[in-house]
Structures are given as C-alpha cells and as structure tokens.
1. Give, as a single signed number, the net charge of other residues whose beta carbon lies under 14 Å from the beta carbon of Arg177, with Lys and Arg counted +1 and Asp and Glu -1.
2. Ranked highest first by the average count of other Cβ atoms within 10 Å around their residues, in what order do 91-98, 19-26 fall?
3. Taking the chain as the reference, fit the longest principal axis to its C-alpha atoms, fit the long axis of helix 267-277 to the helix C-alpha atoms, and give the angle between the two in degrees, 0 to 90, nearest 10.
4. Segment 1-141: Rg/Rh from Cα coordinates, Kirkwood Rh?
5. Remind me, relative contact order of the chain in percent, using alpha carbon pairs under 8 angstrom and six or more residues apart?
6. What angle, in degrees between 0 and 90 and rounded to the nearest 10, separates the Cα long axis of helix 79-101 from the longest principal axis of the Cα atoms of the chain?
7. Express in nm, to one decimal, how much length is gained between Glu148 and Asp353 on full extension, taking 0.36 nm for each residue of separation and deducting their alpha carbon distance.
8. As a test, work out the antiparallel percent of DSSP beta bridges whose residues both lie in the chain, rounded to the nearest 5.
Amino acid sequence: MTVRVLEYRGDGGYYLGDPALELEGVRAGPVARVLCGDADEPVAVAVRRVVGDAGARLAHDVIIAAPKPVSVLLATESDATARRVVALHERAVDAVHDYLVDDADGSRGAARGAVAIGFTHGVSRLLDPHLHTHVLVAGRGAGGEPVEGRSLRRRARSADALYLAALREGLPDATGRVAWAGRRGGTHVEGVDVALVAATSTPRARGGRLERGPAKLRPTRAQVRDRWDALVASCAELGSLEVPTRRTAAIDEYRFAGALGTGLVGGPDVVGAWAAACTFGERPERVRLSAALAAPALRGATRRPAVVVADAVGVGVLGPRPRDPVDLAAWQEGRAALGRYLDAGHRLGHLADPRGASAATWLAVAQLEVDLAARRLGPLRDRAVARGHPRGRGLS
C-alpha cells in the first residue's frame, strides 16, 4: 500500500523538526504545505491547532508514498527532472486528500473542512530515495464534528489506486518515461533498472517486517546526492522491464473485474478498480467521474454484487469500457439499449447470428444496431458477442 492512515497523538515535533533538506532545490517551497485551512497561517500554528498544545488531541497521519521505481528517479535524473517528479507527486497527493475527505457518498466522519498540512520528504531512515508525504489531518472537521479514522481507512485502498494512476498518467510528461501497472499491480517505469530498485528498497526481516533502521537522520541535499551517486555507480545493471503495448482508449476489463473481486462492492471499490484498470494511468478527476458513470447506482452506502458492476455481458457485446468519460457515457447508453433488448426476451446469441430468430427478434437486433450506431459504438458483427446466453435477462 502506498497510502496508509495512522492515528497520531504527538505534539507535531516529528513533522516540524524535519526540514527535509534532501529535497532542497527540487521541491517548490518549504517542506510543509497547508492543504486545507488558512494557507497564510504559519505551519507551526496550524500544527498546534491540529494536535493541541500538549499533543493530546487525536489527529490522523495519512502517509502517501511513491512506489520505489518512481522514488529512484530522484537519484538517477537531473534536478530539473526530479523537480517535475516531486511536483507530480504533490499534485497526486492533493488529489488523494480531496478524495479522502470528500463526503459526497454520505460517509460518516468524513474530514471535509478539517485542517490538513502536508510534509513532503525524500529519503527513508536508511537514506535511500523515498519520496513520500505525511498529511496531518485534524481530528475534527470545520464544524467541530469528529473525523473518524475508520472513514479514512475505508477509502485508503481506493485512494492508493487513485494516487498510482495519477503518477502513471503524469510521468511521461514529467520525465519522458512511460509508467505502467504490472500483472500483479506493481508500478514499473521505463528504463529504471530492476537491480537499482531492489538495492534501494528497505530490507525485510525473516518474518516479513520492514527493518526500520537507525534513528531518523536529517541529511543535506549534498550528502544524499553523494550517497545516491555512489549507490547507483556500485549497483550491477540487470536491465529494465519491457514496456507493454500501449492501449489508451479503454480500461483493462480483466484487471477491473479482478480488482473488484467477489461479493458486494461500494462506490470506493469501483473508484479503486477503475484506477487500477487504467494500465498507463489516468487523471484522478476522470477516474472518479468514470467510476460514477460505470456504477451510477452505488451512491452513499449502497452496495451491489461485484459481478453486476463487472458486467461481463455488456463488455462481451459492446467491448471494453472507454476511459474517456464522454465516450463512457455513450457506452452506458448503448448498454441500456442492450438491456432493453434482453429484457424483451430476445437471445444474446442472436446478436451474433440471427438465423432462426423470430421476426420480432430480427427487428429488435436491427433496432439495437441503430441505437449503437447513433452512439458510434460500431456494428455488432464486429464485436465479441457471447453465444448461448439464456433468454430474457441482463445482469444489471
């Protein structure tokens, strides 16, 4: 997970005491940014308002960390490129914060209006490149209502997918390198050596726990550059992974269905699955809009079977859902037309081969062809229509 939500009851010294000098010159502005609240208020004052003078007030520490192949770019690229990588990360952090605190789905305890400060750092405790931001979120919203950690954690997995999709989408412009989601969901970056990724990853103990290393250090930019240059020079080259064929028009429906899983799913599950299914990434606002279009019934706490949202029948007839929200809306209209065809009792198999069908079915097939053509979805004969489907009922 690249997005984690922890409780915090400290006095803020952990954040205020680290100037993150390792990012001097490649981070725009100081270590801290006020994400929600009075942007002109001194950070130390904002932190005290969040945690209280004695540090006894509950707050939330939302940790948003770039995957290692992205963090490694801080060590291998020029300062100009590293600056664009940090800026991309912080834009993605902003999108994650907006998503986590959004109460549009009726989540109780959402943090809309709660003071939030982001602290962006560039190293791990072992001084390896580790681009990450701590977002300190107040335990109460603007109206004094409590911010429930459970509500934030409920969205953490989908926020994770949203953040990674934003990185994959923006990395080509920032670095000239393609980023994509691997078969197991990991992030890969074109030209980043796999040996260097391994060498800069935090080791694990035999039981699988991360080895935290020594007390936190506060190196200068020059010190970490010397360390990173030596590490890169000493690391044997194993090569990078081959960039897969890029398909940008549609989501990966297999990945979407796999991310949804089985059982009942809600709106955040669809957001996370849609983001994961954009293999080469997508802008967060488009992911959220597309997820709402793909599952319009999942509002508030409503849940539906994952198989309904995956919609194998609709995808089999109409093809994979497009990433573009405008095109997706047209796809959904075509799916509604398909639903009307099935609800009228016509066989799915007759869409591929209407021979032997009744006159009413021939007419219904022709009407569906017209409906799809009006939405530029193409003729049915060019689509992978499932055969032998039982009469009458669609899945949605």
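No value in this document is a laboratory result; all are computed from the given coordinates. Remember, it's a predicted structure, so these values are computed and weren't measured experimentally. Note that each Cβ is placed from the backbone with ideal geometry, even for glycine, and that neighbours are counted across all protein chains shown.
1. Working: positive: Arg84, Arg168, Arg246; negative: Glu77, Glu169, Asp173, Glu190, Asp193, Glu242.
Overall, the nearby charge balance is -3.
2. Details: 91-98: 20.8, 19-26: 18.2.
Top to bottom by mean Cβ count within 10 Å: 91-98, 19-26.
3. That helix lies at roughly 90 degrees to the long axis.
4. Working: Rg = 15.0 Å, Rh = 15.5 Å.
Dividing the radius of gyration by the Kirkwood radius yields 0.97.
5. On the way: 709 pairs, mean separation 60.7, N = 396.
The normalised contact order for the chain reaches 15 percent.
6. Compared with the principal axis, the helix lies near 60 degrees.
7. Details: separation 205, 0.36 × 205 = 73.80 nm, distance 5.49 nm.
Additional length available on full extension: 68.3 nm.
8. On the way: 32 of 32 bridges.
Antiparallel: roughly 100 percent of the beta bridges in the chain.
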